Amino acid sequence: MTQAKRFGVEILNPQEAKSIRLEENYRIITLSDGSEISCHALILSMGVAWRRLTVPGVEQFTGAGIYYGAAQTEAAACKDEEVYVVGGANSAGQAAMYFSKYASKVHILVRGESLTKSMSQYLIDQIDSTDNIQVWPFHGVIEAQGSDKLETLLVKDSQSGEVKTLATNSLFIFIGATPSTEWLSDLVERDERGFVCTGPDVSDQRAWPLERDRFLLETNVPGILQ
């Protein structure tokens, strides 16, 4: 923020964009207080919201042993611990590989029978060849317990019905993310999951109104980029 201000950027905080429309050569954004901003170029950088795991105890210990998403810096903080990862897609696999360099053991809890339906083969091969990563198919967290921070997970085997009590201080959840794009309505093209389409991913390339080519990160609307 400090760097942006040095270049003369105006920051409106707290404010929320509620809708967008086109008028002649302008893109007009309506804010949550009803005011409007007009511009020639608009960059969308809304991020995503992690899908929440809705079982008892998870909200209580979110930020105190339970986390959504992960990075290498967080992996280093789990040195010599037993870490649990929920999820079966690439983000979960990449996190497990990071954690395996520091944690004593990494456990991946997967609702399905294996990782093959949702994870890239190169990651599956890496996980299979890493001694301190264990995959638990047909397992899911049903409760998180502890005092001030996470101490225990209750994990259920969906095939046998067995419930296991597992001691851990670290649970990382990767069950997908939802893009914050609802306010764009039908003006900006999005895919079936709600992510903004840009460049070659825009469905109708023939509808481009300008003589120049669409930029790689430009949407179906000229001047709106991501």
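Taking LEU187, LEU53, LEU115 as the candidate residues, the one with maximal mean-square fluctuation in a Gaussian network model of the chain, Cα springs under 10 Å, is LEU187.
Tell me which GluC sites (Glu not before Pro) from the stretch 124-226 have a DSSP coil assignment and no more than 11 other beta carbons within 10 Å of their own. Could the numbers behind the result be given before it?
Values: sites: GLU143, GLU151, GLU162, GLU182, GLU189, GLU192, GLU211, GLU218; in loops: GLU162, GLU189, GLU192, GLU211.
Within the stretch 124-226, the qualifying GluC sites (Glu not before Pro) (loop, at most 11 other Cβ atoms within 10 Å) are GLU162, GLU192, GLU211.
Please report the antiparallel percentage of DSSP beta bridges with both residues in the stretch 53-177, rounded to the nearest 5. It would help to have the intermediate numbers written out before the result.
Values: 12 of 30 bridges.
If I count the DSSP bridges inside the stretch 53-177, around 40 percent turn out antiparallel.
Across the chain, C-alpha contacts under 8 Å between residues 6 or more apart give a mean separation that, scaled by the residue count, equals a relative contact order of 21 percent. In plain terms, the chain is cut at each of the chymotrypsin sites (Phe, Trp or Tyr not before Pro) found in a DSSP loop with at most 12 other Cβ atoms within 10 Å, and the longest leftover piece is 8-214. Footprinting exposure proxy ranking of SER170, SER45, fewest other C-beta atoms within 10 angstrom first, gives SER45, SER170. Of the three principal axes defined by the Cα atoms of the chain, the extents in descending order read 62, 39, 34 Å.
Computed over the alpha-carbon atoms, the stretch 53-177 gives an Rg to Rh ratio of 0.93, Rh here being the Kirkwood radius from the mean inverse distance.
Highest mobility in the GNM of the chain, judged by mean-square fluctuation with C-alpha springs under 10 Å and restricted to VAL86, VAL141, VAL202, is found for VAL202. Under 5 Å between amide hydrogens, built in the peptide plane, is the criterion, and for VAL85 it picks out HIS107, ILE108, LEU109, PHE172 among residues at least 5 positions away or on other chains.
The Rg/Rh ratio for the stretch 1-124, using Cα coordinates for both the radius of gyration and the Kirkwood hydrodynamic radius, is 1.13. In nm, to one decimal, how far is the SER38 label point from the ARG111 one, both placed 7 Å along Cα→Cβ? It works out to 4.8 nm between the two label points. For the cross-link pairs LYS117/LYS156; LYS5/LYS149; LYS79/LYS117; LYS79/LYS164; LYS18/LYS101; LYS101/LYS156, the ones whose C-alpha atoms lie over 32 Å apart are LYS5/LYS149; LYS18/LYS101.
A short reminder: the numbers here are calculations on the coordinates, not readings from a lab. Just so you know, these numbers come straight off a predicted model, no measurement behind them. So basically every Cβ, Gly included, is an ideal-geometry build from the backbone, and we count neighbours across all protein chains shown.
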